[in-house]
Amino acid sequence: MKTTGLWLLPALALVAGCSSQEEEKPAQPVQLTFHEVMKDQVDKNADELWDVSNAAIADMAGIDPAKMTDASWEQLAEKAEAVQHAALEIATMDPVVVAKPGVKIGDEGLIGGHTAAEVQAKINEDPEKLRDLAHTLARHMGDIATGARKHDAAAVGPLVDQLDGVCESCHLEFWYPDQKEEVDRILGQHT
Ligand code: HEC
């Protein structure tokens with residue numbers, strides 16, 4: 001019974017045989033791609049962090065301590081640490097593999113979108129810069145976590161406010177560098 005069907009698909013069996021051999025080779029834990037860490041760890045946890053801080057937003061984009069509870073401070077610290085760890089994971093990737101073959105990144109296929117191969121080429125030009133920017137995010141998140149553990153709204157408010165800029169500075173460098181000029185122009189108009 002075990003062999004039933006196998007002979008029906010000799011070619012597929014052959015392919016499956018090859019790939020299972022390949023899969024056996026790395027006995028280490030599966031190495032996540034950059035894209036997987038960015039999407040499932042950096043972005044997910046940062047979004048959850050913003051959910052907490054947005055609920056306590058005060059005038060001038062600060063955090064109103066009266067709207068925070070022990071639990072929400074703790075949540076903020078934990079989310080910041082989760083992003084910090086993900087950023088450090090990115091910072092220590094060597095080589096940096098953006099995505100597995102065939103995987104489409106977020107804006108691929110949209111007008112003005114980018115492919116994983118384009119991002120990969122950009123990162124290959126200067127992987128150290130990517131690591132530096134990942135370390136900057138890790139430090140920023142470490143500072144948010146420290147402030148959150150002290151329930152220090154005055155320190156955490158501005159850091160949360162600046163967070164988007166920390167993300168964007170890396171995106172403009174490696175994800176959509178073609179939009180750098182446009183962004184500079186728009187920012188210039190606001191100052
Ligand atoms: C060290 C550089 C770097 C930092 C810092 C960074 N990103 Fe990214 N991010 C990238 C690159 C490169 C891409 C494009 C590749 C991709 O989509 O996976 C990307 C893609 C994304 C995407 C699209 C994911 C998809 O579906 O393809 C989201 C969402 C995102 N980042 C959110 C964030 C947020 C939120 C932060 C800050 C908390 C952040 N990123 C910080 C480099 C960075």
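Here V42, V52, V37 are screened, and the one residue that is in contact (Cβ under 8 Å) with a residue 12 or more places away in the chain, in contact with a Leu (Cβ under 6 Å, 6 or more places away or on another chain) and among the aliphatic types (A, V, I, L, M) is V52.
Is there a residue in region 20-27 that is in a helix (DSSP H, G or I), modelled with pLDDT under 95 and among the hydroxyl-bearing types (S, T, Y)? Spell out the reasoning first.
Pass one, region 20-27, residues in a helix (DSSP H, G or I): 20-24.
Then drop every residue that is not modelled with pLDDT under 95, which leaves 20-24.
Retained after the next criterion (residues that are among the hydroxyl-bearing types (S, T, Y)): 20.
Yes, region 20-27 contains a residue that is in a helix (DSSP H, G or I), modelled with pLDDT under 95 and among the hydroxyl-bearing types (S, T, Y).
Any residue at all in region 32-41 that is at pLDDT 95 or above and loosely packed, with under 13 Cβ neighbours inside 10 Å? Yes, region 32-41 contains a residue that is at pLDDT 95 or above and loosely packed, with under 13 Cβ neighbours inside 10 Å. Of the residues A134, A148, the single one that is within 25 Å of E81 (Cβ to Cβ), more than 15 Å from the chain's Cα centre (by Cα) and of a type in the set (A, V, I, L, M) is A148.
In region 79-191, which helices (runs of 4 or more DSSP H) lie fully inside it and hold 3 or more residues that are within 13 Å of the ligand (Cβ to nearest atom)? Quick ask: steps written out before the conclusion?
Values: elements: 116-125, 127-149, 153-170, 180-190.
Fully inside region 79-191 and qualifying: 116-125, 127-149, 153-170.
Only a single criterion out of (1) assigned to a helix (DSSP H, G or I); (2) surrounded by 16 or more Cβ atoms within 10 Å (Cβ to Cβ) is not satisfied by D51, namely (2).
Scan region 98-113 and tell me whether some residue there is touching an Asp or Glu at 6+ places or on another chain (Cβ under 7 Å) and surrounded by fewer than 20 Cβ atoms within 10 Å (Cβ to Cβ). Looking for residues that are touching an Asp or Glu at 6+ places or on another chain (Cβ under 7 Å) and surrounded by fewer than 20 Cβ atoms within 10 Å (Cβ to Cβ), one finds at least one in region 98-113, hence yes. Starting from residues that are within 16 Å of the ligand (Cβ to nearest atom) and β-branched (V, I, T), keep the ones in region 38-78 and report whichever is farthest from D164 (Cα to Cα). In this case the residue turns out to be V52.
The values are calculated or read from the model by the stated rules, or taken from the named source; none is laboratory data. Since the model is a prediction, treat every value here as computed from it, not as a measurement. FYI the Cβ positions are ideal-geometry reconstructions off the backbone, even for glycines, and counts take in every protein chain you see.
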